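Chemist: Take a look at this one; I'll ask things after.
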Amino acid sequence: MKLDAKTIADLAAHLEDAELKAQDVTKITDDHPQMDWDDAYAIQDEIRRRKEARGQRTAGLKAGLTSFAKMKQMGVETPVFGFVSDYMARPDGGEIKTSELIHPKVEAEICIVTKAPLRGPGCHVGAVLAAIDFVVPAVEIIDSRYRDFKFDLKSVVADNTSASRFVVGSRMRAVEGLDLRTLGVVLEKNGEIVAMAAGAAVLGNPLTAVAMLANHLGARGQEIPAGTFVMTGGVTEAISVAAGDHVNVRFQDLGSVSMRFV
Ligand code: OOG
Ligand code: MG
């Protein structure tokens, strides 16, 4: 750790304010170039603590920058981990207010809910398969608090990996009988296909992202508890949206997830 406790608390308040006021800020590594990974996750943990102290429950965990398309789009090459809160959830087929957001983008994600805890180190796809209760599709709406969506990895980790809104699909499926690697995903905006991929776009198998999350938490003495909703990361590059846009994502075997931006 390179930052002291007060700086971490101040940066968490600064980034959470930017989120809640929908006002962009410059990336925090500009002013704190010495900041390390532990500082970045400590700032994110402090944002989570602030929300939970206000009664906002943590609704799930997320992996991000797990597909080559996302890494290429953002110019980075390491997955990152964050969380989503209950107030970020929107219903399938519902509306998302753009006035509450800075510069939203949508991502199609294959998600799971666990029925047993997962703890690293040494967590692998086999252990993840055994711990899955069901698979569910979702769309994540990311909204970096950084100006023009420009950041480095430590800044984005501190900013809770741009978490902003999410829409979970209405259909759940048992993992038995699904091949998450070949599962196709087609993302449509205003009726036109704008991106498509298969599950393998995420680290060869989206469950690898869950194993990486368990190993990341394990290194910090934490685990993925049973009953956790886990988002494995966008399968394609993220697509910018604005008021008036309608997004529909078709997931093979899992149904579709849609929303309207107003
Ligand atoms: C960071 C969050 C990325 C994903 O699914 O790849 C993410 C960002 O690109 O702003 O959630
Ligand atoms: Mg995402």
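The values are calculated or read from the model by the stated rules, or taken from the named source; none is laboratory data. A quick note: this is a predicted structure, and the numbers were derived from the prediction, not measured. A quick note on method: Cβ atoms are made from the backbone with ideal geometry, for glycine too, and the neighbour counts reach across all protein chains shown. Heads up: the accessible areas ignore ligands, DNA and RNA and are worked out on the full protein's heavy atoms, side chains in. Shrake-Rupley method; radii C 1.70, N 1.55, O 1.52, S 1.80 Å.
Chemist: In terms of Cα to Cα distance under 24 Å, which lysines are near enough to Lys189, apart from those fewer than 8 places away along the same chain?
Modeler: Lys62, Lys70, Lys72, Lys97, Lys105, Lys150
Chemist: Also, quick follow-up: Across bins of 10 angstrom width beginning at 0, how are the C-alpha pair distances of the chain distributed, in whole percent?
Modeler: P(r) over the chain, rounded to whole percents: 7, 32, 38, 19, 3, 0.
Chemist: Which value, in Å² and to the nearest 10, is the accessible area of Asp152 when all protein chains are kept and the probe is 1.4 Å?
Modeler: The accessible area comes out at roughly 50 Å².
Chemist: Oh, and also: Hey, rough spin-label estimate for Arg57 and Ser240, points 7 angstrom out along Cα→Cβ, what's it come to in nanometres?
Modeler: According to this spin-label approximation, the distance is 3.7 nm.
Chemist: Then there is this: Using only the Cα atoms of the stretch 103-192, build the gyration tensor, take square roots of its eigenvalues as a ≥ b ≥ c, and label the shape rounded, prolate or oblate: rounded if a/c is under 1.5, else prolate if a/b is larger than b/c, else oblate.
Modeler: Judged from the Cα gyration tensor, the stretch 103-192 comes out oblate (a/c at least 1.5, b/c at or above a/b).
Chemist: Per DSSP H run of n ≥ 4, the term is -39500 (n - 2.57); total these for the chain, divide by its residue number, and report the mean residue ellipticity at 222 nm rounded to 500 deg cm²/dmol.
Modeler: Details: 6 runs with 67 residues, N = 262.
Result for the chain, helices only: -8000 deg cm²/dmol.
Chemist: Let me ask something else. Suppose every K and R has +1 on its Cβ and every D and E has -1 on its Cβ; what is the size of the dipole of the stretch 117-182 about the Cα centre, in Debye to the nearest 20?
Modeler: Computed about the Cα centre, the dipole is about 100 debye.
Chemist: Here's another thing I want to ask about it. Taking a probe of 1.4 angstrom, what is the accessible area of Ile132 in Å², to the nearest 10?
Modeler: Probe radius 1.4 Å; accessible area of Ile132 about 10 Å².
Chemist: Over the stretch 57-261, give the accessible area per residue in Å² for a 1.4 Å probe, as an integer.
Modeler: Averaged over the residues of the stretch 57-261, the accessible area is 38 Å².
Chemist: A further question on this structure: Along the Cα-to-Cβ line of Glu95, 7 Å from the Cα, sits a label point; which residues in the stretch 222-262 have backbone N less than 19 Å from it?
Modeler: Residues 241-248, 258-262 qualify, since their backbone N sits under 19 Å from the label point.
Chemist: Just need the Rg to Rh number for the stretch 23-123, please, alpha carbons only, Kirkwood Rh.
Modeler: Numbers: Rg = 15.9 Å, Rh = 16.6 Å.
Result for the stretch 23-123 is an Rg/Rh of 0.96.
Chemist: Let me ask another. Pull up all non-local amide H partners of Gly60: gap of 5 or more, or a different chain, and H-to-H distance under 5 Å with H placed in the peptide plane.
Modeler: Residues meeting the amide H criterion: Val84.
Chemist: Please label the shape of the stretch 168-213 as rounded, prolate or oblate, based on the square roots a ≥ b ≥ c of the eigenvalues of the alpha-carbon gyration tensor (a/c under 1.5 means rounded; beyond that, a/b larger than b/c means prolate, else oblate). Mind dumping the intermediate values first?
Modeler: Numbers: a/c = 2.06, a/b = 1.50, b/c = 1.37.
Prolate, since a/c reaches 1.5 and a/b exceeds b/c.
Chemist: 5 Å is the cut-off here: which amide hydrogens, built 1.01 Å from N in the peptide plane, fall below it relative to Phe134, excluding neighbours closer than 5 in sequence?
Modeler: Counting only residues 5 or more places away or on other chains, the set is Val113.
Chemist: Once phi is turned into θ = phi - 60°, what whole-Hz ³J(HN,Hα) does the Karplus curve with 6.51, -1.76 and 1.60 give for every residue of the stretch 211-220, x standing for Gly and Pro?
Modeler: Taking θ as phi minus 60°, the curve returns 4, 4, 5, 4, 5, 4, 5, x, 5, 10 Hz for the stretch 211-220.
Chemist: Find, among the trypsin sites (Lys or Arg not before Pro) in the stretch 32-118, those assigned to loop by DSSP (not H, G, I, E, B) with at most 15 other beta-carbon atoms within 10 angstrom.
Modeler: Arg54, Arg57, Lys97, Lys115
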